[in-house]
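Since every read-out is calculated from the coordinates, none of them should be taken as a lab result. Because the structure is predicted, anything quoted here is derived from the model rather than measured. Cβ: placed from backbone, ideal geometry, glycine included. Neighbour counts: every protein chain shown.
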C-alpha cells in the first residue's frame, strides 16, 4: 500500500492500556496488511527530522507538560543556538515536533501508529481509524511479567502508573478522554478474543468500510 496519496492511505491509530497487547496487535496488523509500523520508531523519525538526539524524545515519550518534571532545566544546559543564547524546548514543542512527523508518515504511506495521540493529530485524515485496546488486569499482569522481572505487586503499580501517564498525556493534548469508548472508532477487549482475533476484527472493520479488500 506504500506510495499512495493521502486520500488513499489507511492509518490505523492504536491507543492502549499498558500491557493490553498494543504492540503485538499493531505489529501483527501491519505485517498482515503489508504496511509500515510506528511505535518507538516514530521517536527516532522525530529526532532525525528536527536534528535532536533521540533521548530528548525518549525521556518524554507520551508524557504531558503537566508531568514534565525537570526536562526544561536539563535541556537548558544542553541546547543553545549559534549565538550562544538559550533555546528552550518545551514539552509542547516536543509534542508539536512529533505530531509533524505523524502527519508526514501518514501523508507518505499507509501505516499502523501506536500511541502518540496519533488519532487526535490525524483527526481530519479521511482514512484514519482509531482503535483502543484494553484487557483484564490478570491478562495484563501476565503479559507484563513475561517481559520483566517485576513481582506481582510491582507489576500492578507500574501498570497503574503507566495508564495514568498515558491518560494524562492524551487528555492534555486532545479534547477527548483516553480510554472512553466514544473517543475511538473501535474499542476492543483483547482478553475476550486474543491478539490474533483482535487483528482479524480490525481487518474485518476495515473491509466493511471499503478501506481494504474483504479477506
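Descriptive notes on the structure:
- Relative contact order (%) - region 11-208, alpha-carbon pairs under 8 angstrom, separation at least six: 35 percent
- Computed label-point distance, nm, for sites residue 214 and residue 59 using a 7 Å Cα→Cβ extension: 5.3 nm
- Antiparallel bridges, percent of DSSP beta bridges restricted to region 11-208 (to nearest 5): 5 percent
- By average C-beta atoms within 10 angstrom, highest first, the peptides 196-202, 110-116, 123-129: 110-116, 196-202, 123-129
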